[in-house]
Number of protein chains: 2
Amino acid sequence: MNIAMIEAAAGRLAGVVRRTPILTSPFLDEIAGRRVLVKAECLQHTGSFKFRGGWSALSALSPETRAQGVIAFSSGNHAQGVALAARRHGAPCVILMPSDAPRIKIENTRGLGAEVVLYDRATGDRDAIGAALAESRGLTLVKPFDDPQVIAGQGTVGLEIAEQTREEGIDAAEVLVPCGGGGLASGIATALAARAPGLRVRPVEPEGFDDVRRSLLAGRIERNPRTTGSLCDAIITPAPGVITFPIMAALCGPGLAVSDAEALRAVAAAFHRLRLVAEPGGAVALAAALLRPKEIEGDAVVVVISGGNVEPGTFCRALDPGTPG
Amino acid sequence: MNIAMIEAAAGRLAGVVRRTPILTSPFLDEIAGRRVLVKAECLQHTGSFKFRGGWSALSALSPETRAQGVIAFSSGNHAQGVALAARRHGAPCVILMPSDAPRIKIENTRGLGAEVVLYDRATGDRDAIGAALAESRGLTLVKPFDDPQVIAGQGTVGLEIAEQTREEGIDAAEVLVPCGGGGLASGIATALAARAPGLRVRPVEPEGFDDVRRSLLAGRIERNPRTTGSLCDAIITPAPGVITFPIMAALCGPGLAVSDAEALRAVAAAFHRLRLVAEPGGAVALAAALLRPKEIEGDAVVVVISGGNVEPGTFCRALDPGTPG
């Protein structure tokens with residue numbers, strides 16, 4: 001994983017992936033006590049940064065391999081990112097989802113042209129089912145984060161942040177990044193180390209699911225005791241990746257963690273002050289910037305909102321002033 | 001009003017006003033039966049296009065006049081646009097609002113540094129109070145739409161649409177624009193006539209408040225019978241302006257009107273498919289594109305979402321699948 005791979009991915013993504021804007025609000029600056037620059041990656045195609053990694057991975061395959069098709073295991077943002085990337089490449093795409101995945105996510109993934117294969121979470125072995133499908137059809141697995149071309153695609157967010165902060169006259173800041181397996185954080189960190197070395201990534205996770213924060217402290221991969229039970233479901237993974245973790249250990253500052261209630265407050269702030277739809281997991285970095293200002297350094301902070309695929313019920317709970325937090 | 005004034009306004013706005021993105025979704029294309037390009041002006045500073053007109057008007061004043069201060073009559077988007085433009089110019093700003101305006105709007109306007117003066121809608125004469133304030137303090141009135149520099153500022157949206165559609169390979173399309181007094185529609189129409197003559201503006205209004213549509217049909221200014229009772233309050237005005245109407249009559253296609261229920265469905269579509277917060281009045285053009293496809297021509301349609309300042313209760317009503325419409 002290096003800057004040349006990210007630059008190469010940026011070349012393949014040009015004209016396909018959206019260069020998402022940096023947004024600001026004087027109200028957010030006041031709450032945070034410093035300038036807050038929000039990289040609105042929820043405005044990316046399919047509503048999250050995952051389309052970048054999906055496109056990067058598919059575009060790096062040989063035409064022959066790609067024509068055989070791809071497969072991904074996901075009920076969320078990665079599924080949609082890979083599905084759209086495959087459709088635009090004209091490549092077959094199978095998405096393996098648990099049969100209890102929300103109907104809307106199944107429909108959206110089908111709506112993007114993918115074949116959705118459902119398995120029973122209680123009795124089925126996802127990896128075995130996926131391997132059998134891949135084998136029988138010659139499909140290539142697109143991993144959600146622990147893959148160099150996926151990380152390179154997510155790293156293009158970092159290239160854009162380097163350019164956009166320079167345009168704003170900022171050459172030193174912390175960059176808060178929502179973090180699951182670490183594909184986005186490690187990609188951005190690699191890009192910034194080369195293109196804007198005064199900017200340092202800090203991964204942000206949900207409290208209780210802070211495997212990356214603990215892994216960075218321990219200097220070795222630590223796992224989450226569980227992977228369910230957070231509103232921030234989009235960024236819950238068992239553990240950092242074997243490729244992403246060493247990159248984060250080398251390049252990132254200490255991790256941060258916020259509560260579900262804080263994530264919901266950030267969802268509301270994005271609604272009121274930026275007119276953006278953020279999902280709770282996508283809003284954890286904004287939550288840290290607004291509600292944990294003493295844990296952050298500098299006159300300005302960059303925040304990535306990584307996704308905006310959220311159920312209306314959850315969203316409206318965030319907007320309800322009666323919600324605790 | 002001419003293209004030179006809009007180009008001059010664009011020069012004054014450069015580096016201050018956001019160049020808002022054009023967003024798309026394959027799901028919206030499918031519903032509309034044609035390509036839908038959404039100009040996301042709800043991402044403008046203060047959450048609506050009004051900041052453009054406010055900045056244009058203030059920046060066109062002499063430094064001496066501007067230093068005396070400005071005044072605007074508004075409880076909504078125009079107030080916030082003028083307030084922020086004044087604050088960034090370091091100019092005093094008085095906003096005259098009815099005392100029954102929502103507290104959040106009063107607080108937001110104060111939060112942008114304006115002095116809010118309240119008057120009793122039942123007993124006070126807004127124009128007389130405003131004139132007395134302007135006279136005694138030497139304030140300049142910034143009108144919401146019927147002012148050449150305000151129209152020129154809104155017209156910069158049209159310059160951006162001309163550039164952005166060209167980048168997308170589109171040289172002929174209808175451009176649906178939410179319309180109150182006509183400042184945005186007439187400004188965009190003037191810009192497009194000069195810079196992208198294959199693009200034609202069609203104003204979109206709420207049903208029952210379609211003064212512009214009726215005026216265009218009649219060839220003379222028609223008034224709304226009432227100016228309250230719509231969810232699309234941001235774009236309700238008594239009648240088109242004496243400056244804006246002749247421009248629209250010369251350059252725009254027929255007006256369109258949508259119901260409140262249709263506007264709410266467009267708010268929901270912007271949430272689900274674009275991850276944007278649109279207010280009902282700001283979403284009427286998207287509503288027309290999605291729900292009135294037979295009233296529109298061409299393989300592609302451009303839609304302006306003009307604002308995103310909406311109460312959570314209204315927004316969540318739009319997201320509730322039980323809402324009729």
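The values are calculated or read from the model by the stated rules, or taken from the named source; none is laboratory data. These numbers come from a predicted model, not from an experiment. With ideal geometry, Cβ positions are generated from the backbone for all residues, glycine too; neighbour counts draw on all protein chains shown.
Quick notes
- In the stretch B:200-223, the residues that are crowded, with 24+ Cβ neighbours inside 10 Å and under 30 Å from residue A:15 (Cβ atoms): B:201, B:202
- Any hit, the stretch A:16-24, residues being buried (at least 24 other Cβ atoms within 10 Å of the Cβ), away from chain B (no Cβ under 11 Å) and either within 15 Å of residue A:303 (Cβ to Cβ) or modelled with pLDDT of 95 or more (or both): no
- Search result, residues across the stretch B:208-242 that are in a loop (DSSP other than H, G, I, E, B) and aliphatic (A, V, I, L, M): B:221, B:231, B:236, B:239, B:242
- In the stretch A:26-34 there is no residue matching the filter, namely being buried (at least 23 other Cβ atoms within 10 Å of the Cβ), under 20 Å from the mean Cα position of the chain (by Cα), modelled with pLDDT of 95 or more and aliphatic (A, V, I, L, M).
- Selection from the stretch A:291-325 of residues that are buried (at least 24 other Cβ atoms within 10 Å of the Cβ) and under 23 Å from residue A:192 (Cα atoms): A:301, A:302, A:303, A:304, A:305, A:306, A:307
- Residue tally, condition over 22 Å from residue B:45 (Cα atoms), among the aliphatic types (A, V, I, L, M) and within 14 Å of chain A (Cβ to nearest Cβ), over the stretch B:223-265: 1
- Search result, residues across the stretch B:252-264 that are in a loop (DSSP other than H, G, I, E, B) and buried (at least 20 other Cβ atoms within 10 Å of the Cβ): B:252, B:255
Residues are listed down the side, and each one gets a yes or a no for (1) among the polar types (S, T, N, Q); (2) farther than 21 Å from residue A:233 by Cα; (3) within 14 Å of chain B (Cβ to nearest Cβ); (4) part of a helix (DSSP H, G or I):
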| residue | (1), (2), (3), (4) |
| --- | --- |
| A:39 | no, no, yes, no |
| A:51 | no, no, yes, yes |
| A:55 | no, yes, no, yes |
| A:59 | yes, yes, no, yes |
| A:67 | no, yes, no, yes |
| A:72 | no, no, no, no |
| A:82 | no, no, no, yes |
| A:85 | no, yes, yes, yes |
| A:91 | no, yes, no, no |
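- Applying a threshold of 9 Å to beta carbon distances and a minimum spacing of six or more residues, or different chains, the list of pairs starting in the stretch A:29-47 at a residue that is without any contact (Cβ under 8 Å) to a residue 12 or more places away in the chain and ending at one that is among the charged types (D, E, K, R) reads A:29/A:35.
- Test: residue in the stretch A:243-251 that is in contact with an Asp or Glu (Cβ under 6 Å, 6 or more places away or on another chain) and not in a helix (DSSP H, G or I): yes
- Criterion: of a type in the set (S, T, N, Q), at pLDDT 95 or above and not assigned by TED's automatic domain parsing to the domain that holds residue A:283 - qualifying residue of A:62, A:74, A:99: A:62
- So residue A:63, is it within 12 Å of another protein chain (Cβ to nearest Cβ), farther than 21 Å from residue A:145 by Cβ and either free of Cβ contacts under 8 Å to residues at least 40 places away in the same chain or within 16 Å of the chain's Cα centre (by Cα) (or both): no
- Residue count for the stretch B:274-325, restricted to those that are assigned to a helix (DSSP H, G or I) and over 18 Å from the mean Cα position of the chain (by Cα): 14.
- If the condition is being within 14 Å of chain B (Cβ to nearest Cβ) and either assigned to a helix (DSSP H, G or I) or surrounded by 14 or more Cβ atoms within 10 Å (Cβ to Cβ) (or both), then the stretch A:99-131 contributes A:103, A:104, A:105, A:107, A:108, A:109, A:110, A:111, A:112, A:113, A:114.
- Flag for residue B:290 being assigned by TED's automatic domain parsing to the domain that holds residue B:189 and closer than 30 Å to residue A:319 by Cα: yes
- Residues located in the stretch A:238-260, provided they are farther than 14 Å from residue A:151 by Cβ and out of contact with any Pro (no Cβ under 6 Å at 6 or more places or on another chain): A:238, A:239, A:249, A:253, A:254, A:256, A:257, A:258, A:259, A:260
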